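Below is one structure, written out as structure tokens; the observations come after it.
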Amino acid sequence: TTGQGRAACVPAWGAAGKTGTAEIGDGQKLAWFAGYVPVEHPRLAITVLVEGGVSGGQSAAPVFREIAARVLGSK
């Protein structure tokens, strides 16, 4: 796995997706990761939005990984 979404990678399943970060009015950020897992024959599509996050790769991608791992039964 490469790019800003590395933290979304679920061991043994991989992950693919897109990170994003947007700054809103008062300097606060919205960070997101939208992706699917596993890479081969996808079973889940998940979008995570973190209000007040740092960036999509740092704030939302790890949450994606945790959700996907729990649903798929991975550690």
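Quick rundown of the values:
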{"quantity": "Selection count where residues are assigned to a strand (DSSP E or B) and of a type in the set (S, T, N, Q), scope the stretch 43-75", "calculated": "1"}
{"quantity": "The stretch 7-27 residues that are of a type in the set (D, E, K, R), paired with ones that are open to solvent by less than 70 Å² (accessible area, probe 1.4 Å) (beta carbon under 6 Å, 6 or more apart)", "calculated": "K18/A34"}
{"quantity": "When residues of the stretch 13-31 are limited to those that are open to solvent by 60 Å² or more (accessible area, probe 1.4 Å) and either part of a strand (DSSP E or B) or of a type in the set (D, E, K, R) (or both), the one farthest from G56 (Cα to Cα)", "calculated": "D26"}
{"quantity": "Test result for R43, open to solvent by 90 Å² or more (accessible area, probe 1.4 Å) and touching a Leu at 6+ places or on another chain (Cβ under 9 Å)", "calculated": "yes"}
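The values are calculated or read from the model by the stated rules, or taken from the named source; none is laboratory data. Predicted model only: the values in this text are computed from it and were never measured. Quick reminder, even Gly has a Cβ in these numbers, built from the backbone with ideal geometry, and neighbours come from all protein chains shown. In case anyone asks, the SASA skips ligands and DNA or RNA and just uses the protein heavy atoms, side chains included. Shrake-Rupley method; radii C 1.70, N 1.55, O 1.52, S 1.80 Å.
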